[in-house]
Amino acid sequence: MTMNSSVQPTAQGLSVPSSRSAGQSSTGRFSMNRRTRGIVIRQIFLQIFLLLMLVLVMFPVLWIISMAVDPRGISRPTDLNLIPANANLLAFQRLLSEPFSNTFPVYFGQLLMNSLFIALGVSVFTVVLGSSAAYAFSRFRFIGREAGMLTFIVLLLLPSTGIIIPLYLMFNAVVMPSTVAEFFPSIFAGILVGLFVFLLFTLVRRLGKYNPERYINPSPLAVAIGVALFALVAIFATIVVMFARNPLYTTLIADPLKTLNNTLINVQAEVNQRAQSVTQRDTTALRREERAAQAEAVVAAINQLQADVESAANDEAAATRLQQVMTERENLPGALDDYLLTAAQVAYAEYQSGGMPAAIASFAGSIATATDAATSLRQAADSARANVNEAAANLTTAQEALTAAQTDVDQNAQTYYTIRDGVITAMLPYVLIAWVSALVASAAIWLIAKGLSGMIAPKTFIIILLLALVAALIAAFTYSTLQYRLTLVRGNTQTLRTTLLGLALAFSSGGLPFAIWNLKGYFDTIPKELEEAALIDGAGRIETFIRIMVPLALPAFAIVILFSFMSGWTEFILSWIFLTGQTQNYTLAMSLATLTGGANQPPPDMQKFAALSILISLPILVLFFTFQRFIVGGLSLGGVKG
């Protein structure tokens, strides 16, 4: 039996074309059915919508980045320049190296430590208290349990600013010595330094062990060389920072450089302002000149109309000419202020009452009125043009001053840079001596550990030395930070309201309801049988909570940590109300507000504002991407049960 090569039987006994695709017609043209066309059209509109959303989301980010690297130093974001010419990172350098001296002499590092103290303190306090309370509400039955959860839900519905007044009054009544108030952020700084050293040791230790799952497994020699180079960079950076914080450096190098740069920035801002003034005044002058020219054209048109009426063959022709003008202009925009229309109407009325001589005589008054209006408009236009010329002259003067300031910076700043580089070069031998001493000390410690291997394991000996080093660093940095912070404090006592500890407690009180509600809902999803099994095996209640509940509830903990950190890191209103006047306790969010002209010397520095905005957002991004795999689970399961 033969079969057409273009048709093959299917399992259902139907036939489908085999030599052509299903979407191709017999004429060879591609065609789509209604369903396929609908899918394609929906996909096109969906892609267009997604691209539009991407533009709306990314455009502000790109604009902030472009403003941060824009070397013009504009005082107001008046134009959209996503790709600025001669882009640089000077704003970031100024933020990291110069104090915020226009408002308060505090460096970026101290602002960063204050913000970290608030954000991490709020996170830890909220997680510890919130998890304890949430576990109690989830696992225990006690009087007032339902009322307590209802209270937390009500607190979630209240605005965060609703807690400001009671906390303000309560914390303002608590007075503590300045030493105690500044001790908490000081020991926090020491703990951060010690924790950084411990984490660095742990990282180096892991890199030294072979792991087949890693793509890169450096040899012990490579790890040792990397650690040695890192130590060299750390020693050099420490000495440079100490040199930059020296009062002599501030007097001889930093202050003169700052004066030169501030002069250049101020002159640049003045040039930008005067350029905008010239543009605005020129627009006004052009508009007034156009109006004056129109008024003068109206005067000429009235004279021409008078000439037409006087030269008419008869009175009927003259009246027809007046009616023609009225018909043409009475429906035009601005007819109420049209002097030509008014002149024609007055002349026609005089013609009807007194004849053509009266009509011709009426033109004298109309011409005088229009001439006065044209003269006034011309004077206003001339005055506006004079203002443009004056503003242009001032702009030229400002541009000359900008050129002089730039020349001054190029010539004199190089002298201070040479002095700075010379001092740093002179310190290089001391850096090398410190580095070699550190290497020798490390080798000696390793030899001692090997020599004492019969009495104590080298690993245990090094861990003991590491813990001793971390403890020494914590004590040293706590003491030095405390002494520095006390020099910035006014008075021997402070109220709890004006301290970083009080602000952290205020933030935590606002975040506890959400933490308890979210963690309680997540704890409800964990089977109680797991806890019962742990209790049967001999674990206590606290051990069961730490070893069973906490690992299983990591998504909920991640959500609480993320939201608590974000509230303490970016919140401004509560910080400004509590810490007003305590410049040593300002946070990055508060310093960001000072760059917009609120508490800063005008004009605002939008380049530094954009750069600081980027720096503030980086920790949030890092935290978000670190916990992103927990976020969806924490938010979706946190409110399953009440």
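Scanning the range 412-434 for residues that are among the acidic types (Asp, Glu) and surrounded by 12 or more Cβ atoms within 10 Å (Cβ to Cβ) turns up nothing. As for the range 59-71, it holds at least one residue that is part of a loop (DSSP other than H, G, I, E, B) and at pLDDT 75 or above. Can you find, within the range 214-235, the residue that is nearest to the chain's Cα centre (by Cα) among those that are part of a helix (DSSP H, G or I) and among the β-branched types (Val, Ile, Thr)? Top of the filtered list is 233.
Right, residue 117: in a helix (DSSP H, G or I), open to solvent by less than 40 Å² (accessible area, probe 1.4 Å) and of a type in the set (A, V, I, L, M, F, W, C) or not? For residue 117, the condition - in a helix (DSSP H, G or I), open to solvent by less than 40 Å² (accessible area, probe 1.4 Å) and of a type in the set (A, V, I, L, M, F, W, C) - is met.
What do you reckon, is residue 267 closer than 30 Å to residue 422 by Cβ, under 28 Å from the mean Cα position of the chain (by Cα) and in contact (Cβ under 8 Å) with a residue 60 or more places away in the chain? Answer is yes for this residue. Put simply, of 150, 203 the only residue that is out of contact with any Ser or Thr (no Cβ under 7 Å at 6 or more places or on another chain), part of a helix (DSSP H, G or I), within 30 Å of residue 443 (Cβ to Cβ) and open to solvent by 90 Å² or more (accessible area, probe 1.4 Å) is 203. Regarding residue 526, is this residue more than 26 Å from the chain's Cα centre (by Cα), part of a helix (DSSP H, G or I) and modelled with pLDDT of 85 or more? So residue 526 does not fit the description; no. Condition check for residue 312 on (1) in a helix (DSSP H, G or I); (2) of a type in the set (A, V, I, L, M, F, W, C); (3) in contact with a helix residue (DSSP H, G or I) (Cβ under 8 Å, 6 or more places away or on another chain): one failure, at (1). Listed here are the helices (runs of 4 or more DSSP H) enclosed by the range 567-642 that have at least 1 residues being at pLDDT 75 or above, farther than 30 Å from residue 495 by Cα and among the hydroxyl-bearing types (Ser, Thr, Tyr): 606-626.
In the range 462-472 there is at least one residue matching the filter, namely being under 30 Å from residue 183 (Cβ atoms), open to solvent by less than 70 Å² (accessible area, probe 1.4 Å) and of a type in the set (Val, Ile, Thr). Is it the case that residue 300 is of a type in the set (A, V, I, L, M), surrounded by fewer than 18 Cβ atoms within 10 Å (Cβ to Cβ), within 60 Å of the chain's Cα centre (by Cα) and under 18 Å from residue 368 (Cα atoms)? Taking the combined requirement at face value, the residue satisfies it. The residues in the range 475-513 that are within 30 Å of residue 559 (Cα to Cα) and aromatic (Phe, Trp, Tyr) can be counted, and the count is 1. For residue 189, indicate whether it is surrounded by fewer than 11 Cβ atoms within 10 Å (Cβ to Cβ) and closer than 30 Å to residue 516 by Cα. No, not satisfied.
The single residue among 237, 231 that is in contact (Cβ under 8 Å) with a residue 24 or more places away in the chain and not aromatic (Phe, Trp, Tyr) turns out to be 231. Note on the range 558-593: residues that are of a type in the set (A, V, I, L, M, F, W, C) and open to solvent by 20 Å² or more (accessible area, probe 1.4 Å) total 9.
Contact map, the range 448-472: first residue of a type in the set (Val, Ile, Thr), second residue assigned to a helix (DSSP H, G or I) and open to solvent by less than 60 Å² (accessible area, probe 1.4 Å), Cβ cut-off under 8 Å, separation 6 or more or different chains; pairs are 448/461; 462/449; 470/194; 470/197.
Against the list (1) more than 25 Å from residue 263 (Cα to Cα); (2) modelled with pLDDT under 90; (3) open to solvent by 60 Å² or more (accessible area, probe 1.4 Å), the condition residue 373 fails is (3).
Take residue 212 and tell me if it is open to solvent by 60 Å² or more (accessible area, probe 1.4 Å), more than 30 Å from residue 380 (Cβ to Cβ) and at pLDDT below 85. Taking the combined requirement at face value, the residue satisfies it. Among the residues of the range 303-325, just one is of a type in the set (Val, Ile, Thr) and either within 60 Å of the chain's Cα centre (by Cα) or open to solvent by 70 Å² or more (accessible area, probe 1.4 Å) (or both), namely 320. In the range 24-39 there is at least one residue that is at pLDDT 60 or above, assigned to a loop (DSSP other than H, G, I, E, B), among the aliphatic types (A, V, I, L, M) and farther than 15 Å from residue 606 by Cα.
Quick check, is residue 172 in contact with a Ser or Thr (Cβ under 7 Å, 6 or more places away or on another chain) and exposed (fewer than 15 other Cβ atoms within 10 Å of the Cβ)? It is true that residue 172 is in contact with a Ser or Thr (Cβ under 7 Å, 6 or more places away or on another chain) and exposed (fewer than 15 other Cβ atoms within 10 Å of the Cβ). Any chance the range 365-381 includes a residue that's among the small types (Gly, Ala, Ser), free of Cβ contacts under 8 Å to residues at least 12 places away in the same chain and under 30 Å from residue 342 (Cβ atoms)? Scanning the range 365-381, I find at least one residue that is among the small types (Gly, Ala, Ser), free of Cβ contacts under 8 Å to residues at least 12 places away in the same chain and under 30 Å from residue 342 (Cβ atoms), so the answer is yes.
Scanning the range 215-263 for residues that are open to solvent by 80 Å² or more (accessible area, probe 1.4 Å) and more than 25 Å from residue 437 (Cβ to Cβ) returns 215, 216, 247, 248, 251, 252, 259. Taking the criterion of being of a type in the set (Val, Ile, Thr) and in a helix (DSSP H, G or I), the residues of the range 461-498 that qualify are 462, 463, 464, 470, 474, 478, 481, 487, 498.
The values are calculated or read from the model by the stated rules, or taken from the named source; none is laboratory data. Computed from a predicted structure; not experimentally measured. All Cβ positions, glycine included, derive from the backbone under ideal geometry; neighbour counts span all protein chains shown. Remember, those area values only see protein heavy atoms, side chains included, never the ligands or the DNA or RNA. Shrake-Rupley method; radii C 1.70, N 1.55, O 1.52, S 1.80 Å.
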